[in-house]
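Just so it is clear, none of the values below were taken in a lab; they were calculated from the coordinates. Note that the coordinates shown come from a computational prediction; the quantities given were computed from them, not determined experimentally. We place every Cβ from the backbone using ideal geometry, glycine too, and count neighbours over all the protein chains shown.
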Amino acid sequence: MAYDRSVRLWFFPALTVACFGACGAILPRPAGSGEEQGGGPEVVEEEPNPVAGPDAEPPVEPEAPPVPAGLDADAVLALTPDECFTKLDEWEVPYERVDDAPATIDAPIRLTGPLAGVTYAVPWTVTNHHDVLDCRLALALAEWSVLLHERGVVEVRIYSFYRAGSRGGVTSRRAQGQPSQHSYGLAIDAGWFVKADGDVLSVLDDWVDPGTEVTCGGSVDAADGAALLDLYCSAWSARLFHVQLSPAHNQEHENHFHLDVGGGGGGWYLD
């Protein structure tokens, strides 16, 4: 899809699904980290359960973890840092605050475990704070992780959250040359999605352009391409990010999905 076919969407009732039902799914408690690069997820062999006798105590049901509130990107962006940190704690998101983060990030954190069973990882040695993100992006990812986990994803391998010197301009000519949301820790470039069975979906290798004017208004036949399109559009239907760019946008995005909070200039943008 060429740039002049991009669609700036202020309203999209046909694409929006019942976000709050999907986004309100239970966030599982933090589990272990995702698989090591280059292999499938770690398989833990469990000991067989002993045969219960007639006097055995019934199993104790674990306490239900917190439920996300179904916040869309507008609601997330409106939060103050203190309000955002409170939400992270309520949702039991594993994180640590980052004291030496770039000053452009209002509420800098680093994830220390999976979100709803999904690990976000840079698959090489991290430099230049690429693994640091704003608290508000973490909330959006927590919501998306519920949808990803429902689709069998256990890890998202990324290029970066924060990235110095990144420039915008994809949604408005007025914004060309201005700092992009990466500069504020409010964007993610996701390149790979690792499934629980060890299959890895690569945006570069597996994406198939649906060839429609609105990216999430089409479909593809290839199984891996259809799976990627579904992962991408699940976030859009739930209005979790203001801007989403796929390889359909331009060659610079051929190997990743760009999703950000606050980059729509007051609206919503999909390509």
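Looking at the square roots a ≥ b ≥ c of the eigenvalues of the Cα gyration tensor of segment 185-244, which shape do they give, rounded for a/c under 1.5, prolate if a/b is larger than b/c, or oblate?
On the way: a/c = 1.81, a/b = 1.09, b/c = 1.67.
Cα axes put segment 185-244 in the oblate bin.
May I ask for the distance between the Cα centers of segment 208-232 and segment 94-157, given as a whole number of Å?
Measuring centre to centre over Cα atoms gives 25 Å.
Whole-Hz ³J(HN,Hα) for each residue in segment 119-131, computed from phi via Karplus 6.51 cos²θ - 1.76 cosθ + 1.60 with θ = phi - 60°, x for glycine and proline: what do you get?
Once rounded to whole Hz, the list reads 8, 10, 9, 8, x, 7, 4, 7, 10, 6, 6, 5, 9.
Which shape class applies to segment 102-245: rounded if a/c is under 1.5, otherwise prolate when a/b exceeds b/c and oblate if not, where a ≥ b ≥ c are the square roots of the Cα gyration tensor eigenvalues?
Numbers: a/c = 1.81, a/b = 1.23, b/c = 1.48.
It is oblate, given that a/c is not under 1.5 and a/b is not larger than b/c.
Amide H of Tyr120: which non-local residues (sequence gap of 5 or more, or other chain) have their own amide H closer than 5 Å, using H built in the peptide plane?
The answer is Leu115, Val156.
Any idea which of Gly152, Trp124, Cys135 is furthest toward the positive side of the dipole for segment 108-234, if Lys and Arg beta-carbons carry +1 and Asp and Glu beta-carbons -1?
Cys135
If each residue's Cβ is checked for other Cβ atoms within 10 Å, how do Glu96, Glu150 rank with the fewest at the top?
Values: Glu96 10, Glu150 13.
Least to most surrounded, the residues fall as Glu96, Glu150.
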